[in-house]
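What follows is a short report on a single structure.
The values are calculated or read from the model by the stated rules, or taken from the named source; none is laboratory data. All values reported here derive from a predicted model rather than from experimental measurement. FYI the Cβ positions are ideal-geometry reconstructions off the backbone, even for glycines, and counts take in every protein chain you see.
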Amino acid sequence: MTEQRHKSTDQEAHWLHPSSLVFEFVGGIRSQLIPALLALFGATTGTWLGGLIALLYFVGSMTAVVLRYVTLRYRLVGDELIIDEGVIFHVHRTVPIQRIQNIDVVQNPFHRLLRVAEVRIETASGTEPEAVLRVLSLAEFESLRARIFARKRSYELAQSAASEPAAAPPVILEQLTSAVQPAGQAAQRETIMKISFAQLALAGIASNRGTALLLVGLGFVSQQFSTVARSWRIETAELTRYLPENSSAIVMLALAIAGLLALLISVKILSIAWYVLKFYDYTLDRSGDALRVSCGLLTRVSATVRRDRIQLISIRRTLIGRWLRIASIRIETAGGGGDSDDPTATIARRWFLPVISEAQIPAIMEQLCPELKWGERAFDWQRLSSKAAWRTRRMILLALGLLMIVAGLLGLTPVVVALVLFGALAWWWSGRRVAAMGYARHDGKIIFRSGVFTQKCSIAFIDKIQSVAIDLSPFDRRWNMATLSVDTVASGPAEHRIAIPMLDAAYARNERDVICRSASLAR
Amino acid sequence: MLSETRVNTDNPGGPPGNVSGSETTDEAGVIPAPATGERFESPASMTTVVAESQSALSGSNFQPLDPRTVAAERTLSWIIIAVVTVGGLFGQAIYLAINWPPDLIFLAIAVAYVLLLAFLVWAGHFYPVIALRHAAWRLDEQGFEIRRGVWWRHEITVPRSRVQHTDVHQGPLMRKFGLARLVINTAGTHNASIALDGLSLETAQKLRSELVADSIPQREPSEFGEPR
């Protein structure tokens, strides 16, 4: 069976790479840690009965892992990928090749050492991969990928060639497969973007991802200290011993500032480390319609997104990011990439482009949606209704004024002062908020930008819009405004819902009609 | 289903589905006539009758909901009102039994009770009429549009080709009044399923077949019906 493995004859069953056994075993140990520890504990303390039960359970689950490896096999038959596994509960899974959207890969350091990879076969449905093959040798994976995509292409060609969509019998398909393969090879990968180390460092500086890491680290350290049986009181007492005698307030202040600075710097260093670990050697390349992201220092992830499946493109610019002139791009597709832990789904969507310099954005947008001439400044931005800022400000004035009168009558001077400060802040913010919002419609795309601190600019495709809504609150009606919102097939990693508030009602209704008209034309 | 209702094939204010005469409308039966038994003879006459008073119908070709929905909602409301009345009286009686003679707290409770009942009667008996006046739907070549909401107004449009599937749902009370809820499912996120209550069963079923018939040609090219 080993000799046959690298041949790509059809209909022939393929097994996983032998090292799967090790990885499944390690994974199994990780998930079965408690029974394993119980077994160990039982063995050491002599209460062997409980230990024996735990050991049996452990051995049983390990046997399941081995059995899974021994029985899992896959083959390509006709235009289907068939995966069989199991002994007692036999699972026979059939995945039509046309439905396979992409084949993603995750490689942790051990995988790379053994030249194997975890392969995920994804279809459009749902958030989880249709099948996970853990693990295949790289050669095996490449041959599987090549065969699947060759068939997919030939199927698509057959479909476009035939006038009737129904007239695409498998016979034609088989004939085309051989003819198309060279052409498929010719349309080779083109690297669109790489992210340099310097850019990752910038992204790390702009983000606060390190805060969580630092907190975890501090928690760990303090726990270590407490296990060495030192109470917090003793620690602080020892700390103060290092302080100079009779230290003045200025020294204390300087120390506090230095401490904060050290904290900030360590957060930033951790952020940079996180970005480097996750996105080292980031490469975005394209072959035909498939965009492939591959990145990672230790665990390498390679994930693919079909360009025509993109539902929403969202450019994010954080406050610090704007100073550093960097941005990030998230995309949304149907299913996947939400909060799921699936590494390939999040890399290809939430972290599609973790960092990009402002100057590179037009080139990337050209690749992502060639039909749109990208020029953020040149777009015909429709601002909110001219009274929008005044409307929010008046609301703030009314609410705060009422509160101030109440507080003043009660004689709460500090509250009144706080309300005045808050009012000033809200006044400024409402102006910024309205100024930041814009809506544009260009070449069958809807572009919406918003955000005071983190600015998001999202592009939705009108031919992929699912529904359009106009909402009017009582205030909206009073001010003759409306909220225009569109719904797309998206799972949410962009965190930017396209809902434009406080547009002139007539304009919003007109836009709704235009969008609906062109959306209904798109099939 | 359509036997008694196909009265008005060429009404002047007729829906564009009639005029455009696409192949789907020919096959699946022309929908936009509300055509729900003896009460509705022609959508045109209906539109003119309601046009003056009903703001949601001010656009062209909007269809109202079935007026029976008011009766259905009132039935449910009065059941709730009866329960609240009896429960409230019972509670007050217990309160009085414990602290006789009536004190100020009892007075407050009684006032709150009366106010609550008044609100329930308004919300249960009169509000459905207002809500009905502000709800309308329309099916044209662009898609299916729903307008509703008395204070907060919502207008949602689903392009025809975006309808994934539709459900017609009937609760026991709805069945008694010959009403149904039409649920339109899209592949979207926030408005993935859009429910419209208060249609007559016939209208809901016709809408369903119309919308489904329309979404079938869309699925054929991408054979597995994936949202694009």
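For this structure, a couple of remarks:
- Residue that is nearest to A:F149 (Cα to Cα), among those in the stretch A:105-132 that are at pLDDT below 85 and of a type in the set (D, E, K, R): A:E122
- Matching residues in the stretch A:474-484 - criterion: being closer than 19 Å to A:W381 by Cβ and buried (at least 22 other Cβ atoms within 10 Å of the Cβ): A:M481, A:A482, A:L484
- Of the listed requirements (1) within 26 Å of A:R325 (Cα to Cα); (2) free of Cβ contacts under 8 Å to residues at least 24 places away in the same chain; (3) not in a helix (DSSP H, G or I), A:R432 misses just one: (3).
- Taken over the stretch A:181-201, the criterion of being among the hydrophobic types (A, V, I, L, M, F, W, C) and either at pLDDT 90 or above or within 20 Å of the chain's Cα centre (by Cα) (or both) is satisfied by A:I192, A:M193, A:I195, A:F197, A:A198, A:L200, A:A201.
- One residue stands out among those in the stretch A:496-511 that are out of contact with any strand residue (DSSP E or B) (no Cβ under 6 Å at 6 or more places or on another chain) and more than 12 Å from chain B (Cβ to nearest Cβ): the one that is surrounded by the most Cβ atoms within 10 Å (Cβ to Cβ), which is A:D504.
- Boolean, A:A522 is modelled with pLDDT under 95 and away from chain B (no Cβ under 14 Å): no
- The stretch A:474-520, residues that are under 30 Å from B:H165 (Cα atoms) and in a loop (DSSP other than H, G, I, E, B): A:V489, A:A490, A:S491, A:G492, A:P493, A:A494, A:E495, A:H496, A:R497, A:I498
- Selection count where residues are more than 14 Å from every other protein chain (Cβ to nearest Cβ), part of a strand (DSSP E or B) and surrounded by fewer than 22 Cβ atoms within 10 Å (Cβ to Cβ), scope the stretch A:451-473: 2
- Criterion (in a strand (DSSP E or B) and either over 25 Å from the mean Cα position of the chain (by Cα) or crowded, with 21+ Cβ neighbours inside 10 Å (or both)) met by exactly one of A:L312, A:L384: A:L312
- Selection status of A:I347, among the β-branched types (V, I, T), crowded, with 18+ Cβ neighbours inside 10 Å and at pLDDT below 85: yes
- Test: residue in the stretch B:67-82 that is over 16 Å from the mean Cα position of the chain (by Cα), crowded, with 16+ Cβ neighbours inside 10 Å and over 29 Å from B:H154 (Cα atoms): no
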